[in-house]
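First up is the structure itself, then whatever we jot down about it.
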Amino acid sequence: MTREMGFKRNLALLACLLCGAFWLAVYAVKIEGRLLRGANDFLQLYAGSRLVGTPQLYDAESAWRIHRQAVGYFLPSVVYTRPPFYAWLLRPLGRLPYRQAYWTFMALNFAAMGWFCWRFFRRHPAAAFLAACFPPLYVAVLVGNDVGLVLGLLGGAVALMEKKRDFAAGLLLSLCAIKFHLFLLLPAALWILGRRRVVAGGAAGGALLTALSFFAQGLAWPRQYLAILRSPTVHPLIERMPNLHGLMLNLLPAYELPATAAASLCVAAAVLWLISRDPRDWKTGLAFTLIGGLLLSWHSYTQDAALLLLVLALLQQSRMTAAVKLPLAIAFLPLTFWMVSSPAPWPTLPAVLMLLTIAGALWKPRSARPAANPAVTATDSSPAPAS
């Protein structure tokens, strides 16, 4: 790279950084009161870190009591809904006063998100600009959610996979079980992609985390956990979820459950078939696996869509057709996720764009299909363009 090109790239990245600082300030001002008090998603993690090892880990009343002690009132839907091992790992934060624990967690979350963006976007200013304008990024950081930590784990796993350290990558991916509902297709996809050692590492890590959950919470926690997951209290505003669940509630409210189940089966089949067409291109396969996981998740909100940042990072060098690039680019426009809070049917827009991205990858225009040329033999090992 010439000095002039390097200067232009650094200038573009500086512009992205300033843009990101602007949007971070805008979102922070909008929720200043709750942000400074810590009256947000971190309350559930703090409650979990205080209640782990007791029969009240998944008891809403016990969580609300900790809410009142921390911020003066309680948030009804913000109760602990994660596996016990995560609460056990968060115990050091639970020993701190709430404000100290909150700002320590925020710093860790922000650092993980910052590292991820630097690692994957510093050489790609155009993608960095899309990331800098992406509302879920700021929502995830500012509402005390841990999607930043998950992105850091995913980014670390991808970096290890690039270095062929697959078993270590799988161990790191197993920690993403703190939000396992967003990765339902991942084990099957990695198997199809031929990354069997990643699957083995994930299975080993998952076994250790499961054992830790039983060690921390005893034998009764699976039943208690399922009970809290079934509670409608922890699933507010379903119509604003950027997934198939929210989409079907908006479009077909009378047939929400069967429509969601049918659409989920179709999306799962489409994604797995899509990645099986070219298992050598594991980055593209992983990108569509993440999109499929977001759509299939029964419980996801705007902040969870921050995982699309990794999709952008994985696809930024892929030779995608316009049918894939266009809906994905629209999904990164600020207006798309601002619509989530609008009246129906606008909250469905993110899910529709993700579905169109998958559909665009499934469709191969005639020019992209291999020509019927007898001169092309099976020995041609050049990689096929991604669809």
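How about the stretch 291-351: which helices (runs of 4 or more DSSP H) wholly inside it have at least 1 residues that are within 19 Å of Asn250 (Cβ to Cβ), among the small types (Gly, Ala, Ser) and in contact (Cβ under 8 Å) with a residue 40 or more places away in the chain?
Here the list is empty.
Mind checking whether some residue in the stretch 56-69 is open to solvent by 50 Å² or more (accessible area, probe 1.4 Å), in a loop (DSSP other than H, G, I, E, B) and not hydrophobic (A, V, I, L, M, F, W, C)?
Within the stretch 56-69, the subset open to solvent by 50 Å² or more (accessible area, probe 1.4 Å) is 56, 59, 61, 65, 68-69.
Narrowing the set further to residues that are in a loop (DSSP other than H, G, I, E, B) leaves 56, 59.
The next check asks that each one be not hydrophobic (A, V, I, L, M, F, W, C); those that pass are 56, 59.
Yes, the stretch 56-69 has at least one match.
On the basis of being closer than 21 Å to Ile358 by Cα and touching a residue at least 12 places away in the same chain (Cβ under 8 Å), does Pro236 make the cut? Break it down into steps so the answer makes sense when it comes.
Details: closer than 21 Å to Ile358 by Cα: no; touching a residue at least 12 places away in the same chain (Cβ under 8 Å): yes.
Against the criterion (closer than 21 Å to Ile358 by Cα and touching a residue at least 12 places away in the same chain (Cβ under 8 Å)), Pro236 does not qualify.
Looking only at the stretch 335-350, which residues are in contact with a helix residue (DSSP H, G or I) (Cβ under 7 Å, 6 or more places away or on another chain), among the aliphatic types (A, V, I, L, M) and over 18 Å from Pro236 (Cβ atoms)?
Correct list: Met339, Leu349.
I need the full set of residues from the stretch 282-338 which are polar (S, T, N, Q) and closer than 27 Å to Asp166 by Cβ, in order please.
Thr284, Thr289, Ser297, Gln316, Gln317, Ser318
Condition check: in a loop (DSSP other than H, G, I, E, B), under 30 Å from Met339 (Cβ atoms) and in contact with a helix residue (DSSP H, G or I) (Cβ under 6 Å, 6 or more places away or on another chain). Does Gly155 satisfy that?
Details: in a loop (DSSP other than H, G, I, E, B): no; under 30 Å from Met339 (Cβ atoms): yes; in contact with a helix residue (DSSP H, G or I) (Cβ under 6 Å, 6 or more places away or on another chain): yes.
When the stated conditions are applied, Gly155 does not pass them.
Among the candidates Trp88, Trp103, single out the residue that is under 22 Å from Gly206 (Cα atoms), open to solvent by 40 Å² or more (accessible area, probe 1.4 Å), at pLDDT 95 or above and assigned to a helix (DSSP H, G or I).
Checking each option against the conditions leaves just Trp88.
Looking at (1) modelled with pLDDT under 95; (2) touching a helix residue (DSSP H, G or I) at 6+ places or on another chain (Cβ under 7 Å); (3) surrounded by fewer than 24 Cβ atoms within 10 Å (Cβ to Cβ), find the lone condition where Ala270 falls short.
Condition not satisfied by Ala270: (1).
Looking at the stretch 288-302, which of the residues that are of a type outside the set (S, T, N, Q) and at pLDDT 95 or above is surrounded by the most Cβ atoms within 10 Å (Cβ to Cβ)?
Among those that are of a type outside the set (S, T, N, Q) and at pLDDT 95 or above, it is Gly292.
The values are calculated or read from the model by the stated rules, or taken from the named source; none is laboratory data. All values reported here derive from a predicted model rather than from experimental measurement. All Cβ positions, even for glycine, are placed from backbone atoms using ideal geometry, and neighbour counts span all protein chains on display. Remember, those area values only see protein heavy atoms, side chains included, never the ligands or the DNA or RNA. Shrake-Rupley method; radii C 1.70, N 1.55, O 1.52, S 1.80 Å.
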